[in-house]
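Some notes on the structure that comes next.
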Amino acid sequence: QVQVVESGGGLVQPGGSLRLSCAASGGIGSISDMGWYRQAPGKQRELVASITRGGRINYGDSVRGRFTISRDNAKNTVYLQMNSLKPEDTATYYCNAVSAFVNYWGQGTQVTVSS
């Protein structure tokens, strides 16, 4: 069983920055894809960014150019640097890790962008 733990959420003013971290541990297989998704109240969960073990990256259209995903394979850790934050980025951010074709999710971390 893989455990996924996020950290780094909080309250930030519009235009500010935050960095989220997520560590995956446990299980017997390697972690392939890792990524971040978010869900705002009343909306569906959407992709923010994902990264394969080999470093191929995909961004959601609404964050491309403002957010940067990176990964440390040795630590099974993924990071999300969020710059130029907007009120519409407010959501619960969930980390996802894939191992042996099974998706594992963290408990979520709240990001609130407000003045």
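The values are calculated or read from the model by the stated rules, or taken from the named source; none is laboratory data. These numbers were taken from a predicted model, which means no experiment stands behind them. All Cβ positions, glycine included, derive from the backbone under ideal geometry; neighbour counts span all protein chains shown. Side chains are part of the model used for accessible areas, which takes the heavy atoms of the whole protein and leaves out ligands, DNA and RNA. Shrake-Rupley method; radii C 1.70, N 1.55, O 1.52, S 1.80 Å.
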Can you name the residue in the stretch 19-42 that is open to solvent by 30 Å² or more (accessible area, probe 1.4 Å) and closer than 12 Å to Asp89 by Cα and is also modelled with the lowest pLDDT among such residues? Pro41
Suppose we keep only residues that are open to solvent by 40 Å² or more (accessible area, probe 1.4 Å) and either in a helix (DSSP H, G or I) or in contact with a Cys (Cβ under 7 Å, 6 or more places away or on another chain) (or both) within the stretch 74-98. Which one would you say is farthest from Gln39 (Cα to Cα)? Ala74
Subset tally (residues that are of a type in the set (Gly, Ala, Ser) and under 19 Å from Val113 (Cα atoms)) for the stretch 2-59: 11
Look through the stretch 1-18, keep the residues that are surrounded by 18 or more Cβ atoms within 10 Å (Cβ to Cβ) and more than 12 Å from the chain's Cα centre (by Cα), and return whichever of them is modelled with the lowest pLDDT. Val2
Could you check, for the stretch 66-73, whether at least one of its residues is open to solvent by 60 Å² or more (accessible area, probe 1.4 Å), under 21 Å from Thr112 (Cβ atoms) and either not hydrophobic (A, V, I, L, M, F, W, C) or not in a helix (DSSP H, G or I) (or both)? yes
Out of Thr77, Thr90, Thr52, sole residue that is of a type in the set (Ser, Thr, Tyr) and either free of Cβ contacts under 8 Å to residues at least 12 places away in the same chain or closer than 18 Å to Gly10 by Cα (or both): Thr90
Pair list, Cβ < 8 Å and 6+ apart or interchain, from the stretch 95-115 residues that are over 24 Å from Gln1 (Cα atoms) to residues that are among the aliphatic types (A, V, I, L, M) and part of a loop (DSSP other than H, G, I, E, B): Val111/Leu85; Val113/Leu85
Gly108 vs (1) open to solvent by 40 Å² or more (accessible area, probe 1.4 Å); (2) within 16 Å of Cys22 (Cβ to Cβ); (3) under 12 Å from the mean Cα position of the chain (by Cα): all pass except (1)
